[in-house]
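Notes to accompany the following structure.
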């Protein structure tokens, strides 16, 4: 392996440019190939970063000049790309969701285990300073026993968003709508901060958009430790508002908006601590109305973590097994909405 980790981006949709910027900003990483079949975006992105363009993903994952792949293909194609890459010894950083089916997530995890490669899922908001501080507070018991843990994603996407890429809003390739595509970031943060779920009961609807999946989802939650909570997500609320995670405990409460702390009432917190934590975090941005209105800093930090995990042989901050958890929760919401009955964890089938 050369000094720089040589990376190929598979898929040239909107988020690919963010990953290209993140690679460019990380010492020890280099973008060498952009692979995209059927659009000019891949060629443009490759030219912008001095990389090669390729249309054949099979050739890219077999290329000895590629050390790892960043997978930004449509969600339902993630497993195919990752299994093919890891079987050839390539490391993989995979955009959310890890895949849209649990058996395919498991196949990816097993393929990486067999090959000894690093498999990481992209949940860049875990790298926000406010999220790290909230997790520290929960784990240290500063909130006491959690009472309520809520997640809300009141976002907006116009019809053009779904019409622009034929796979969006489909069960086959998107795997769901407001929850699987947009809300899954906040689902991940909720379970990362509040702990695993025991059961949920849910309903979904397509209220505004002419898509086959949901643009609105709600769920009531019960956590393993006994806390209760709610989850709601939509892409139909104009003009869109920040995603929120609310943690309410017997000794304190924390609220995060787009990964930034907006309320900090924690046992033992001094006024100075609270003021410091409420300082703006310039690294995130908000995708509430525009999926590209985000900064690259959190992606840069996750890319840096991925490269270091490959270099040192340690587990990444968001291994495939962790990224799978959010997919399981989203699929449980869909299962409950279809059946009209509560669903318990772990999810079967």
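Any read-out appearing in this document is the output of simple, stated calculations on the displayed coordinates, not a laboratory observation. Here the structure is a predicted model, which means the values were calculated and not measured. Backbone-built Cβ (ideal geometry, glycine too); neighbour counts: all protein chains shown.
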Checklist entry - Most fluctuating residue of 124, 21, 302 in a GNM of the chain with Cα springs under 10 Å: which is it? => result 21
Item to check | Separation between Cα centres of the range 199-263 and the range 165-192, rounded to whole Å | outcome: 13 Å
Checklist entry - How far is helix 320-339 tilted off the main Cα axis of the chain, in degrees rounded to 10, range 0 to 90? => result 60 degrees
Checklist outcome for this item: If one compares the long axis through the Cα atoms of helix 297-312 with the longest principal axis of the Cα atoms of the chain, the angle in degrees, nearest 10, works out at 60 degrees
Checklist entry - Against the longest alpha carbon principal axis of the chain, how many degrees, from 0 to 90 and to the nearest 10, is the axis of helix 129-139 turned? => result 50 degrees
Next on the checklist: With both bridge residues required to lie in the chain, what share of the DSSP beta bridges run antiparallel, to the nearest 5%?
Outcome noted: 55 percent
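Which of the three applies to the range 269-310, rounded, prolate or oblate, going by the alpha-carbon gyration tensor with a ≥ b ≥ c and a/c under 1.5 meaning rounded? Walk me through the numbers on the way to the answer.
Details: a/c = 4.18, a/b = 1.36, b/c = 3.08.
Oblate.
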Checklist entry - Suppose R0 equals 35 Å; then what is the FRET efficiency for residue 311 and residue 347 from their Cβ-Cβ distance, rounded to the nearest 0.05? => result 0.50
